[in-house]
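Inspection log for the structure reproduced underneath, given as structure tokens.
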Amino acid sequence: MTDWYPSHTMVVSYPKIIQGGMGVAISNWHLARTVSMLGQLGVVSGVALEILLVRRLQDGDVGGHIRRALEKFPFRDMARSALEKYYIPGGKAEDKAYAAIPMHKQMASKRLHELCILGNYVEVFLAREGHDRPVGINYLEKIQLPHLPSVYGAMLAGVAYVIMGAGIPTQIPGVLDRFSQHQPASYALNIVGSQNGNDNLTRFDPRDFMEGDHPPLERPRFFPIIASNVLATTMVRRSNGSIDGFVIEGPTAGGHNAPPRGQLQVNERDEPIYGERDVVDLDKIRELGLPFWVAGGCASAEKLREVLEIGGNGIQVGTAFALCNDSGMADEYRKALLQKAVAGTAHVVTDRLASPTGFPFKVAQLEGSLSEEDVYLSRTRVCDLGYLRELYWKEDGSLGYRCPSEPVEIYIAKGGSETDTIGRKCICNCLVSNAGHPQIQRDGSVEKPMLTCGDDLAEIARFIPEGQTSFTARDVIDKLLA
Ligand SMILES: Cc1cc2nc3c(=O)[nH]c(=O)nc-3n(C[C@H](O)[C@H](O)[C@H](O)COP(=O)(O)O)c2cc1C
């Protein structure tokens with residue numbers, strides 16, 4: 001192993017606590033590093049790391065972390081070229097927009113793939129810096145176009161676990177196998193209107209990017225996030241490589257939730273109602289013989305004990321880590337949510353319309369954020385990041401891209417239905433704003449935040465030590481292991 005292929009120690013025991021991946025950059029390298037150094041599994045979010053790389057460089061790379069990581073990146077010309085293009089010493093002027101980068105497409109530009117490789121490498125490298133504990137990365141299956149260069153970048157930095165939800169990630173295990181040998185891989189995309197003969201693959205060949213020859217990479221373990229027994233069995237039977245464990249997530253978890261099974265029923269706040277059919281049978285999961293962690297409202301020592309007693313390996317926790325001092329959530333929003341929790345006024349809505357994915361999305365109610373109707377309606381619709389765009393075949397046989405959160409008339413012109421645009425929010429922009437890097441749009445408006453948290457937000461003040469006003473990742477772990 002050379003200097004720039006840091007090896008993660010072979011995992012001999014599993015963690016009891018997985019700090020859930022939280023995009024965008026809520027579980028950033030700092031949080032994941034802190035959790036891993038405390039002996040549990042820290043997981044960085046792998047979502048939109050190419051945007052974050054550019055924005056952090058344009059903010060002047062405070063602390064020099066990005067440049068320090070790029071120094072160690074094996075493909076020197078690639079790192080140098082990104083630095084030359086995006087780094088602004090001292091940071092951009094506050095009222096200037098961040099540089100735009102191209103949106104993902106089936107055939108993406110080489111520059112965009114390079115930014116994905118670099119962004120993922122940097123995040124994992126920094127999370128692993130200065131210790132030898134494993135670190136994981138989390139992706140959303142639905143955001144398919146960046147998968148290949150992103151996973152390769154994370155593997156170059158020695159990521160030990162890839163954890164993926166929001167879809168059926170049967171193709172990922174094979175990708176991990178191939179990239180460990182620097183072999184090319186392809187990924188079949190979900191495209192509306194696909195027929196036999198359509199080219200629905202996105203492709204990536206590490207050798208188009210490598211500078212010189214490099215030794216094989218370690219193959220990370222792969223954990224799909226599932227919300228049903230059927231999906232667990234499908235993953236085991238139909239994946240193109242090995243599955244190493246499961247995260248089983250219930251509908252109280254932060255971020256996106258799986259929709260309820262059967263005919264949709266809603267409560268008086270228009271939230272989906274979950275029932276018996278949505279409960280995962282953990283006995284059946286255990287019979288699959290793989291390790292598993294349970295997520296969604298599990299952040300207590302009692303729940304951890306319960307899971308261990310029934311043969312699980314532990315819990316995955318999100319909201320508690322999102323609200324701790326080590327989280328990547330911008331301070332002003334984290335403090336505001338924490339204050340609400342202390343005052344007993346914190347409230348999370350399961351919004352079934354907000355996310356362009358169509359999945360229910362947990363939205364913490366916060367003044368000035370897009371959770372408020374007037375703030376949402378005052379935003380001029382624009383789609384300039386495009387992670388959640390749906391792919392569709394056009395009549396002329398070419399591939400189209402559309403998002404129900406983009407300007408309504410454009411979405412309709414692309415064959416989308418007006419009904420699908422109602423209540424849809426630009427999750428891409430607001431999630432980047434949540435992490436403190438809001439874009440300034442052409443009309444001078446600053447993209448507003450919209451925070452996601454699990455139902456656990458209401459009770460999160462239980463982690464605040466007596467006499468203090470906030471808590472750390474260490475406080476969370478100590479309490480869970482108590
Ligand atoms: C702010 C936030 C962002 C999240 N983003 C993601 C994500 O990008 N991918 C994912 O798989 N899960 C995401 N989650 C879910 C967490 O990883 C975790 O499974 C969940 O929060 C556990 O439930 P809890 O919040 O009740 O602890 C997110 C959760 C939060 C609170």
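Couple of notes before you dig in:
- Complete set of residues in the stretch 393-412 that are out of contact with any Ser or Thr (no Cβ under 7 Å at 6 or more places or on another chain), of a type outside the set (A, V, I, L, M, F, W, C) and either at pLDDT below 95 or surrounded by 20 or more Cβ atoms within 10 Å (Cβ to Cβ) (or both): Lys394, Glu395, Asp396, Gly397, Ser398, Arg402, Ser405, Glu406
- For first residues located in the stretch 53-76 and in contact (Cβ under 8 Å) with a residue 40 or more places away in the chain, partners that are outside any helix (DSSP H, G or I) and of a type in the set (Ser, Thr, Tyr) and lie 6+ apart or on another chain with Cβ distances below 6 Å form the pairs Arg55/Tyr98; Gln58/Tyr98.
- When the strands (runs of 3 or more DSSP E) confined to the stretch 322-424 are screened for residues that are in contact with an Asp or Glu (Cβ under 9 Å, 6 or more places away or on another chain), in contact (Cβ under 8 Å) with a residue 24 or more places away in the chain and under 25 Å from Leu264 (Cβ atoms), those reaching at least 2 such residues are found at 348-351, 361-364.
- Looking across the stretch 89-126, not a single residue is in contact with a Ser or Thr (Cβ under 7 Å, 6 or more places away or on another chain) and more than 21 Å from Leu388 (Cα to Cα).
- Scanning the stretch 327-359 for residues being within 30 Å of Asn190 (Cα to Cα) and either away from the ligand (no atom under 15 Å from the Cβ) or of a type in the set (D, E, K, R) (or both) gives a total of 4.
- Glu249 meets each of the listed conditions (1) surrounded by 17 or more Cβ atoms within 10 Å (Cβ to Cβ); (2) among the acidic types (Asp, Glu); (3) more than 25 Å from Phe222 (Cβ to Cβ) apart from (3).
- If the condition is being outside any loop (DSSP other than H, G, I, E, B), free of Cβ contacts under 8 Å to residues at least 40 places away in the same chain and within 15 Å of Met235 (Cα to Cα), then the stretch 279-293 contributes Arg286, Glu287.
- Only residues that are within 13 Å of the ligand (Cβ to nearest atom) and either outside any helix (DSSP H, G or I) or surrounded by fewer than 24 Cβ atoms within 10 Å (Cβ to Cβ) (or both) were counted across the stretch 308-321, and they come to 5.
- Candidates are the residues of the stretch 161-171 that are out of contact with any Gly (no Cβ under 8 Å at 6 or more places or on another chain) and β-branched (Val, Ile, Thr); the one that is nearest to Glu141 (Cα to Cα) is Ile168.
- Taking every residue in the stretch 108-122 that is at pLDDT below 95 and pairing it with any residue that is in a loop (DSSP other than H, G, I, E, B) and surrounded by fewer than 19 Cβ atoms within 10 Å (Cβ to Cβ), at least 6 positions away or on another chain, the pairs with Cβ-Cβ distances below 6 Å are Ser109/Pro102.
The values are calculated or read from the model by the stated rules, or taken from the named source; none is laboratory data. All of these numbers come straight from a predicted model, not from anything done at the bench. Quick reminder, even Gly has a Cβ in these numbers, built from the backbone with ideal geometry, and neighbours come from all protein chains shown.
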